[in-house]
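The values are calculated or read from the model by the stated rules, or taken from the named source; none is laboratory data. Not measured: the values here are computed from a predicted model. Here the Cβ is made from the backbone with ideal geometry for all residues, glycine too, and neighbour counts use every protein chain on show.
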Amino acid sequence: MEEIIEAKRDLGDGRWDRILKRKMVELSYADTYEEAKDEWEATGRVYKQKFDNNHPDWTNGHAGHCLCGHPVVYHFEIRNTVTGVHECVGSDHIGAYLIIREIVRDTGINAEDVTDVQIQTWLKDRVAVMKRDAWWDEHGEHFNEMYDAIEDIDLVINNKRSDITFNVITRQYQYRYQPKTRATGKFGDYGYRMASITWRWDNPNNPKNQLNKYGYPNERLWTDLILFHALREQHRVVAKRHTTEINRQNAAHAEITARKIERERIKKIENERRMILLKEKRRLEAIAWEEGREERERLAKIRAIEVEKARELAKERRKKHAETILSASNENFETLKDYYGLPDFVPKNHISSDIRSYVVIKEMLMEGIQLDVHHLRTLKRILG
(Lines give C-alpha, C1' and ligand atoms only; values in the text may rest on other atoms or scores of the structure.)
Protein backbone atom coordinates (compact mmCIF):
# COMPACT_ATOMS: atom_id res chain seq x y z
CA MET A 1 0.00 0.00 0.00
CA GLU A 2 1.18 3.49 -0.82
CA GLU A 3 -0.37 4.86 2.38
CA ILE A 4 -1.17 3.57 5.83
CA ILE A 5 -4.91 3.27 6.31
CA GLU A 6 -6.28 3.25 9.82
CA ALA A 7 -9.92 3.17 10.82
CA LYS A 8 -11.14 5.94 13.13
CA ARG A 9 -13.41 5.01 15.97
CA ASP A 10 -15.56 8.05 15.18
CA LEU A 11 -15.63 11.25 13.12
CA GLY A 12 -14.29 14.47 14.61
CA ASP A 13 -15.25 18.16 14.19
CA GLY A 14 -12.96 19.01 11.26
CA ARG A 15 -14.32 20.49 8.04
CA TRP A 16 -14.43 17.23 6.06
CA ASP A 17 -15.76 15.29 9.01
CA ARG A 18 -18.63 17.77 9.45
CA ILE A 19 -19.49 17.60 5.74
CA LEU A 20 -19.52 13.79 5.79
CA LYS A 21 -21.76 13.71 8.87
CA ARG A 22 -24.22 16.03 7.16
CA LYS A 23 -24.34 14.04 3.95
CA MET A 24 -24.71 10.73 5.78
CA VAL A 25 -27.72 12.16 7.65
CA GLU A 26 -29.21 13.43 4.37
CA LEU A 27 -28.99 9.86 2.95
CA SER A 28 -30.30 8.20 6.13
CA TYR A 29 -33.70 7.60 7.68
CA ALA A 30 -32.63 9.12 11.03
CA ASP A 31 -32.45 12.88 11.53
CA THR A 32 -29.27 13.03 13.64
CA TYR A 33 -25.78 11.73 12.95
CA GLU A 34 -25.62 9.78 16.23
CA GLU A 35 -28.67 7.79 15.09
CA ALA A 36 -27.86 7.78 11.37
CA LYS A 37 -24.38 6.34 11.73
CA ASP A 38 -25.88 3.10 13.05
CA GLU A 39 -27.68 2.65 9.72
CA TRP A 40 -24.40 2.50 7.75
CA GLU A 41 -21.95 -0.36 7.27
CA ALA A 42 -18.93 -1.15 5.08
CA THR A 43 -19.60 -3.69 2.31
CA GLY A 44 -16.02 -4.87 1.95
CA ARG A 45 -15.56 -3.62 -1.59
CA VAL A 46 -12.64 -1.29 -2.28
CA TYR A 47 -11.69 0.55 -5.45
CA LYS A 48 -8.46 2.35 -6.38
CA GLN A 49 -8.72 5.44 -8.55
CA LYS A 50 -7.80 4.95 -12.21
CA PHE A 51 -7.70 7.52 -14.95
CA ASP A 52 -10.45 6.04 -17.06
CA ASN A 53 -14.24 5.97 -16.93
CA ASN A 54 -14.60 2.41 -15.64
CA HIS A 55 -15.62 3.41 -12.14
CA PRO A 56 -17.94 1.31 -9.95
CA ASP A 57 -21.57 2.47 -9.85
CA TRP A 58 -21.32 3.05 -6.11
CA THR A 59 -18.85 5.93 -6.65
CA ASN A 60 -22.01 7.83 -7.82
CA GLY A 61 -20.16 10.13 -10.21
CA HIS A 62 -17.60 11.42 -7.71
CA ALA A 63 -14.80 8.92 -8.33
CA GLY A 64 -11.59 10.35 -6.96
CA HIS A 65 -13.45 12.05 -4.13
CA CYS A 66 -14.93 10.94 -0.82
CA LEU A 67 -18.61 11.49 -0.11
CA CYS A 68 -17.43 14.54 1.82
CA GLY A 69 -15.75 15.93 -1.33
CA HIS A 70 -12.15 15.40 -0.23
CA PRO A 71 -9.83 13.95 -2.96
CA VAL A 72 -9.05 10.24 -2.41
CA VAL A 73 -7.18 7.33 -4.04
CA TYR A 74 -8.90 4.46 -2.27
CA HIS A 75 -12.69 4.24 -2.30
CA PHE A 76 -14.47 2.12 0.32
CA GLU A 77 -18.08 1.26 -0.42
CA ILE A 78 -20.61 1.85 2.38
CA ARG A 79 -24.30 0.96 2.46
CA ASN A 80 -27.24 2.29 4.40
CA THR A 81 -29.02 -0.77 5.76
CA VAL A 82 -32.32 1.14 6.09
CA THR A 83 -32.58 3.21 2.90
CA GLY A 84 -30.46 0.91 0.73
CA VAL A 85 -28.27 3.76 -0.51
CA HIS A 86 -24.72 2.82 -1.63
CA GLU A 87 -21.94 5.41 -1.37
CA CYS A 88 -18.18 5.57 -0.97
CA VAL A 89 -15.77 7.21 1.44
CA GLY A 90 -12.00 7.65 1.42
CA SER A 91 -9.39 6.03 3.60
CA ASP A 92 -9.63 8.94 6.09
CA HIS A 93 -13.33 8.31 6.66
CA ILE A 94 -13.65 4.50 6.65
CA GLY A 95 -14.68 4.67 10.30
CA ALA A 96 -14.27 1.72 12.60
CA TYR A 97 -18.00 1.76 13.35
CA LEU A 98 -18.66 1.02 9.65
CA ILE A 99 -16.28 -1.94 9.64
CA ILE A 100 -17.48 -3.27 13.00
CA ARG A 101 -21.00 -3.77 11.67
CA GLU A 102 -19.76 -6.00 8.82
CA ILE A 103 -17.46 -7.94 11.15
CA VAL A 104 -20.39 -8.51 13.50
CA ARG A 105 -22.54 -9.70 10.61
CA ASP A 106 -19.82 -12.04 9.30
CA THR A 107 -18.64 -13.49 12.63
CA GLY A 108 -21.68 -13.22 14.92
CA ILE A 109 -19.66 -11.71 17.79
CA ASN A 110 -20.83 -8.69 19.79
CA ALA A 111 -19.83 -5.24 18.53
CA GLU A 112 -18.09 -4.38 21.80
CA ASP A 113 -15.89 -7.49 21.41
CA VAL A 114 -14.47 -6.43 18.03
CA THR A 115 -10.80 -5.49 18.51
CA ASP A 116 -8.62 -2.96 16.72
CA VAL A 117 -6.59 -5.89 15.38
CA GLN A 118 -9.70 -7.33 13.71
CA ILE A 119 -10.52 -3.94 12.23
CA GLN A 120 -7.00 -3.48 10.84
CA THR A 121 -7.02 -7.05 9.50
CA TRP A 122 -10.29 -6.27 7.72
CA LEU A 123 -8.71 -3.19 6.17
CA LYS A 124 -5.53 -5.05 5.20
CA ASP A 125 -7.45 -7.88 3.53
CA ARG A 126 -9.75 -5.54 1.62
CA VAL A 127 -6.93 -3.34 0.42
CA ALA A 128 -4.90 -6.38 -0.62
CA VAL A 129 -7.80 -7.64 -2.73
CA MET A 130 -8.27 -4.14 -4.14
CA LYS A 131 -4.59 -3.86 -5.06
CA ARG A 132 -4.67 -7.28 -6.70
CA ASP A 133 -7.76 -6.49 -8.76
CA ALA A 134 -6.44 -3.05 -9.67
CA TRP A 135 -3.12 -4.53 -10.81
CA TRP A 136 -4.79 -7.14 -13.00
CA ASP A 137 -7.16 -4.57 -14.49
CA GLU A 138 -4.18 -2.46 -15.48
CA HIS A 139 -1.54 -5.06 -16.40
CA GLY A 140 -3.24 -8.45 -16.53
CA GLU A 141 -3.61 -8.83 -20.28
CA HIS A 142 -0.03 -7.72 -20.92
CA PHE A 143 1.31 -9.97 -18.15
CA ASN A 144 -0.46 -13.07 -19.45
CA GLU A 145 0.68 -12.39 -22.99
CA MET A 146 4.34 -12.04 -21.97
CA TYR A 147 4.26 -14.91 -19.47
CA ASP A 148 2.81 -17.32 -22.04
CA ALA A 149 5.54 -16.25 -24.48
CA ILE A 150 8.45 -17.03 -22.12
CA GLU A 151 7.14 -19.79 -19.86
CA ASP A 152 8.70 -22.59 -21.91
CA ILE A 153 12.20 -21.03 -22.02
CA ASP A 154 12.44 -19.54 -18.53
CA LEU A 155 14.13 -22.59 -16.92
CA VAL A 156 16.44 -23.02 -19.91
CA ILE A 157 17.99 -19.64 -19.07
CA ASN A 158 17.20 -18.95 -15.42
CA ASN A 159 18.57 -22.04 -13.69
CA LYS A 160 21.25 -22.96 -11.19
CA ARG A 161 22.16 -26.09 -13.08
CA SER A 162 21.07 -28.08 -16.10
CA ASP A 163 21.83 -31.74 -16.79
CA ILE A 164 20.88 -34.17 -19.52
CA THR A 165 19.22 -37.21 -17.98
CA PHE A 166 17.49 -40.33 -19.30
CA ASN A 167 13.84 -40.78 -18.35
CA VAL A 168 13.26 -44.50 -17.83
CA ILE A 169 9.49 -44.04 -18.15
CA THR A 170 9.42 -42.16 -21.46
CA ARG A 171 12.67 -43.81 -22.65
CA GLN A 172 13.84 -40.39 -23.77
CA TYR A 173 16.72 -38.07 -22.95
CA GLN A 174 15.69 -34.72 -21.50
CA TYR A 175 17.16 -31.65 -19.84
CA ARG A 176 16.67 -31.46 -16.09
CA TYR A 177 16.77 -27.88 -14.84
CA GLN A 178 17.19 -26.69 -11.26
CA PRO A 179 15.44 -23.30 -11.11
CA LYS A 180 17.44 -20.33 -9.94
CA THR A 181 15.68 -19.12 -6.80
CA ARG A 182 17.73 -15.99 -6.13
CA ALA A 183 19.01 -13.32 -8.49
CA THR A 184 22.72 -12.54 -8.71
CA GLY A 185 24.02 -9.10 -9.56
CA LYS A 186 22.07 -5.88 -9.79
CA PHE A 187 19.21 -5.29 -12.19
CA GLY A 188 20.45 -3.36 -15.22
CA ASP A 189 24.12 -4.14 -14.57
CA TYR A 190 26.25 -6.36 -16.79
CA GLY A 191 26.19 -9.94 -15.55
CA TYR A 192 22.81 -9.62 -13.85
CA ARG A 193 21.15 -13.00 -13.62
CA MET A 194 17.52 -12.99 -12.56
CA ALA A 195 15.82 -15.71 -10.57
CA SER A 196 13.46 -18.03 -12.43
CA ILE A 197 10.27 -16.22 -13.34
CA THR A 198 8.11 -19.36 -13.28
CA TRP A 199 9.60 -20.39 -9.92
CA ARG A 200 8.69 -17.08 -8.36
CA TRP A 201 5.28 -16.81 -9.96
CA ASP A 202 3.38 -20.09 -9.81
CA ASN A 203 5.72 -23.06 -9.30
CA PRO A 204 3.82 -25.47 -6.98
CA ASN A 205 7.12 -26.53 -5.39
CA ASN A 206 7.70 -22.97 -4.20
CA PRO A 207 5.65 -22.42 -1.02
CA LYS A 208 6.12 -18.66 -1.39
CA ASN A 209 5.14 -18.35 -5.05
CA GLN A 210 3.61 -14.94 -5.64
CA LEU A 211 0.42 -16.20 -7.26
CA ASN A 212 -0.65 -17.79 -3.99
CA LYS A 213 1.01 -15.29 -1.66
CA TYR A 214 -0.10 -11.99 -3.23
CA GLY A 215 -2.27 -12.83 -6.21
CA TYR A 216 -0.19 -10.55 -8.46
CA PRO A 217 3.56 -10.18 -9.19
CA ASN A 218 5.73 -7.82 -7.17
CA GLU A 219 7.68 -5.05 -8.86
CA ARG A 220 10.89 -7.08 -9.26
CA LEU A 221 9.11 -9.99 -10.92
CA TRP A 222 7.18 -7.61 -13.19
CA THR A 223 10.33 -5.79 -14.36
CA ASP A 224 12.23 -9.07 -14.80
CA LEU A 225 9.39 -10.41 -16.94
CA ILE A 226 9.46 -7.29 -19.12
CA LEU A 227 13.24 -7.60 -19.55
CA PHE A 228 13.17 -11.31 -20.23
CA HIS A 229 10.33 -10.92 -22.73
CA ALA A 230 12.29 -8.23 -24.56
CA LEU A 231 15.26 -10.62 -24.90
CA ARG A 232 13.16 -13.70 -25.60
CA GLU A 233 14.40 -14.23 -29.16
CA GLN A 234 18.04 -14.52 -28.15
CA HIS A 235 16.96 -16.76 -25.27
CA ARG A 236 15.12 -18.96 -27.74
CA VAL A 237 18.40 -19.48 -29.62
CA VAL A 238 19.81 -21.08 -26.46
CA ALA A 239 16.62 -23.09 -25.94
CA LYS A 240 16.80 -24.25 -29.56
CA ARG A 241 20.36 -25.48 -29.02
CA HIS A 242 19.16 -27.48 -26.03
CA THR A 243 16.31 -28.91 -28.09
CA THR A 244 18.69 -29.77 -30.95
CA GLU A 245 21.06 -31.55 -28.56
CA ILE A 246 18.24 -33.51 -26.96
CA ASN A 247 16.83 -34.44 -30.38
CA ARG A 248 20.29 -35.59 -31.49
CA GLN A 249 20.75 -37.79 -28.44
CA ASN A 250 17.22 -39.17 -28.70
CA ALA A 251 17.73 -39.88 -32.40
CA ALA A 252 20.99 -41.71 -31.65
CA HIS A 253 19.28 -43.62 -28.83
CA ALA A 254 16.37 -44.46 -31.13
CA GLU A 255 18.76 -45.77 -33.79
CA ILE A 256 20.63 -47.93 -31.29
CA THR A 257 17.33 -49.19 -29.91
CA ALA A 258 16.06 -49.94 -33.43
CA ARG A 259 19.21 -51.89 -34.23
CA LYS A 260 18.91 -53.84 -31.00
CA ILE A 261 15.26 -54.61 -31.72
CA GLU A 262 16.17 -55.70 -35.27
CA ARG A 263 18.93 -57.98 -33.96
CA GLU A 264 16.56 -59.48 -31.45
CA ARG A 265 13.94 -59.93 -34.18
CA ILE A 266 16.41 -61.71 -36.47
CA LYS A 267 17.67 -63.80 -33.57
CA LYS A 268 14.12 -64.75 -32.72
CA ILE A 269 13.39 -65.72 -36.34
CA GLU A 270 16.57 -67.80 -36.47
CA ASN A 271 15.72 -69.52 -33.19
CA GLU A 272 12.23 -70.26 -34.45
CA ARG A 273 13.68 -71.59 -37.72
CA ARG A 274 16.14 -73.83 -35.82
CA MET A 275 13.33 -75.11 -33.64
CA ILE A 276 11.22 -75.87 -36.72
CA LEU A 277 14.13 -77.71 -38.39
CA LEU A 278 14.93 -79.60 -35.20
CA LYS A 279 11.29 -80.57 -34.80
CA GLU A 280 11.14 -81.72 -38.42
CA LYS A 281 14.39 -83.65 -38.00
CA ARG A 282 13.03 -85.41 -34.95
CA ARG A 283 9.79 -86.16 -36.77
CA LEU A 284 11.66 -87.70 -39.71
CA GLU A 285 13.91 -89.64 -37.35
CA ALA A 286 10.85 -90.97 -35.55
CA ILE A 287 9.32 -92.05 -38.87
CA ALA A 288 12.58 -93.67 -39.97
CA TRP A 289 12.92 -95.40 -36.61
CA GLU A 290 9.41 -96.75 -36.87
CA GLU A 291 9.94 -97.85 -40.46
CA GLY A 292 13.15 -99.69 -39.50
CA ARG A 293 11.60 -101.48 -36.56
CA GLU A 294 11.06 -104.86 -38.38
CA GLU A 295 14.57 -104.83 -39.84
CA ARG A 296 16.07 -104.05 -36.45
CA GLU A 297 14.14 -106.86 -34.84
CA ARG A 298 15.27 -109.25 -37.59
CA LEU A 299 18.88 -108.23 -37.21
CA ALA A 300 18.59 -108.46 -33.43
CA LYS A 301 17.38 -112.07 -33.72
CA ILE A 302 20.24 -112.89 -36.06
CA ARG A 303 22.76 -111.31 -33.69
CA ALA A 304 21.23 -113.21 -30.78
CA ILE A 305 21.62 -116.49 -32.68
CA GLU A 306 25.19 -115.63 -33.62
CA VAL A 307 26.01 -114.70 -30.03
CA GLU A 308 24.55 -117.96 -28.82
CA LYS A 309 26.53 -119.91 -31.43
CA ALA A 310 29.71 -118.07 -30.46
CA ARG A 311 29.01 -118.79 -26.81
CA GLU A 312 28.55 -122.50 -27.60
CA LEU A 313 31.72 -122.59 -29.69
CA ALA A 314 33.66 -120.88 -26.92
CA LYS A 315 32.26 -123.34 -24.45
CA GLU A 316 33.22 -126.22 -26.67
CA ARG A 317 36.74 -124.83 -27.15
CA ARG A 318 37.15 -124.41 -23.41
CA LYS A 319 35.94 -127.97 -22.88
CA LYS A 320 38.36 -129.40 -25.43
CA HIS A 321 41.17 -127.27 -24.04
CA ALA A 322 40.41 -128.53 -20.53
CA GLU A 323 40.33 -132.13 -21.73
CA THR A 324 43.64 -131.62 -23.51
CA ILE A 325 45.29 -130.16 -20.43
CA LEU A 326 43.78 -132.78 -18.11
CA SER A 327 45.12 -135.61 -20.26
CA ALA A 328 48.47 -134.02 -20.96
CA SER A 329 51.65 -134.31 -18.90
CA ASN A 330 55.30 -133.28 -19.07
CA GLU A 331 58.46 -133.35 -17.00
CA ASN A 332 57.75 -130.05 -15.25
CA PHE A 333 54.33 -131.17 -14.20
CA GLU A 334 55.46 -134.51 -12.92
CA THR A 335 58.36 -133.00 -10.99
CA LEU A 336 56.26 -130.33 -9.32
CA LYS A 337 53.40 -132.78 -8.71
CA ASP A 338 55.75 -134.97 -6.72
CA TYR A 339 57.22 -131.87 -5.07
CA TYR A 340 53.86 -130.69 -3.82
CA GLY A 341 52.60 -134.24 -3.20
CA LEU A 342 49.56 -133.84 -5.39
CA PRO A 343 47.24 -136.83 -5.97
CA ASP A 344 45.78 -137.58 -9.36
CA PHE A 345 42.81 -135.43 -10.38
CA VAL A 346 39.59 -137.22 -11.26
CA PRO A 347 37.32 -134.65 -13.04
CA LYS A 348 34.03 -136.49 -12.70
CA ASN A 349 34.06 -135.98 -8.95
CA HIS A 350 34.27 -132.14 -9.21
CA ILE A 351 32.09 -129.30 -10.41
CA SER A 352 33.00 -127.38 -13.58
CA SER A 353 34.45 -124.34 -11.77
CA ASP A 354 36.87 -126.59 -9.89
CA ILE A 355 37.88 -128.21 -13.15
CA ARG A 356 38.61 -124.77 -14.68
CA SER A 357 40.66 -123.83 -11.64
CA TYR A 358 42.61 -127.08 -11.75
CA VAL A 359 43.30 -126.69 -15.48
CA VAL A 360 44.73 -123.18 -14.90
CA ILE A 361 46.97 -124.43 -12.08
CA LYS A 362 48.10 -127.47 -14.09
CA GLU A 363 49.08 -125.21 -16.98
CA MET A 364 51.22 -123.25 -14.57
CA LEU A 365 52.88 -126.46 -13.34
CA MET A 366 53.48 -127.61 -16.90
CA GLU A 367 55.26 -124.35 -17.57
CA GLY A 368 57.37 -124.84 -14.45
CA ILE A 369 55.79 -122.02 -12.46
CA GLN A 370 55.90 -122.49 -8.72
CA LEU A 371 52.60 -122.09 -6.90
CA ASP A 372 51.84 -119.58 -4.18
CA VAL A 373 49.80 -120.18 -1.03
CA HIS A 374 46.56 -119.21 -2.76
CA HIS A 375 47.04 -121.80 -5.47
CA LEU A 376 47.91 -124.50 -2.93
CA ARG A 377 44.77 -123.75 -0.93
CA THR A 378 42.69 -124.06 -4.09
CA LEU A 379 44.31 -127.43 -4.95
CA LYS A 380 43.77 -128.64 -1.41
CA ARG A 381 40.08 -127.77 -1.67
CA ILE A 382 39.71 -129.43 -5.08
CA LEU A 383 41.80 -132.53 -4.45
CA GLY A 384 40.67 -133.02 -0.88
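What to note about this one:
- Residues located in the range 118-149, provided they are within 17 Å of Leu211 (Cα to Cα) and of a type in the set (A, V, I, L, M, F, W, C): Val127, Ala128, Val129, Met130, Ala134, Trp135, Trp136, Phe143, Met146
Residue-wise test of (1) touching a Lys or Arg at 6+ places or on another chain (Cβ under 6 Å); (2) buried (at least 18 other Cβ atoms within 10 Å of the Cβ); (3) among the charged types (D, E, K, R); (4) on the phi > 0 side of the Ramachandran plot.
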residue: Ala36; (1), (2), (3), (4): no, yes, no, no
residue: Trp40; (1), (2), (3), (4): no, yes, no, no
residue: Val46; (1), (2), (3), (4): yes, yes, no, no
residue: Pro56; (1), (2), (3), (4): no, no, no, no
residue: Thr59; (1), (2), (3), (4): no, yes, no, no
residue: Cys66; (1), (2), (3), (4): no, yes, no, no
residue: Gly69; (1), (2), (3), (4): no, no, no, yes
residue: Val72; (1), (2), (3), (4): no, yes, no, no
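- Residue that is under 60 Å from the mean Cα position of the chain (by Cα), part of a helix (DSSP H, G or I) and surrounded by 10 or more Cβ atoms within 10 Å (Cβ to Cβ), where the choices are Leu313, Leu277: Leu277
- For the range 236-258, the condition holds for at least one residue, the condition being that it is in the same structural domain as Thr170 (by TED's automatic domain parsing), under 30 Å from Ile164 (Cα atoms), surrounded by 14 or more Cβ atoms within 10 Å (Cβ to Cβ) and of a type in the set (A, V, I, L, M).
- Taken as a whole, the range 261-273 holds no residue that is within 30 Å of Asn167 (Cβ to Cβ), touching a strand residue (DSSP E or B) at 6+ places or on another chain (Cβ under 7 Å) and at pLDDT 90 or above.
- Qualifying positions in the range 354-369 - touching a residue at least 12 places away in the same chain (Cβ under 8 Å) and part of a helix (DSSP H, G or I): Asp354, Ile355, Arg356, Ser357, Tyr358, Val359, Ile361, Lys362, Glu363, Leu365, Met366
- The residues of the range 134-179 that are surrounded by fewer than 18 Cβ atoms within 10 Å (Cβ to Cβ), among the charged types (D, E, K, R) and within 29 Å of the chain's Cα centre (by Cα), listed by number, are Asp148, Glu151, Asp152, Lys160, Arg161, Asp163, Arg171, Arg176.
- Filter pass, Leu326 being among the aliphatic types (A, V, I, L, M), free of Cβ contacts under 8 Å to residues at least 40 places away in the same chain and either surrounded by 10 or more Cβ atoms within 10 Å (Cβ to Cβ) or within 30 Å of Tyr358 (Cβ to Cβ) (or both): yes
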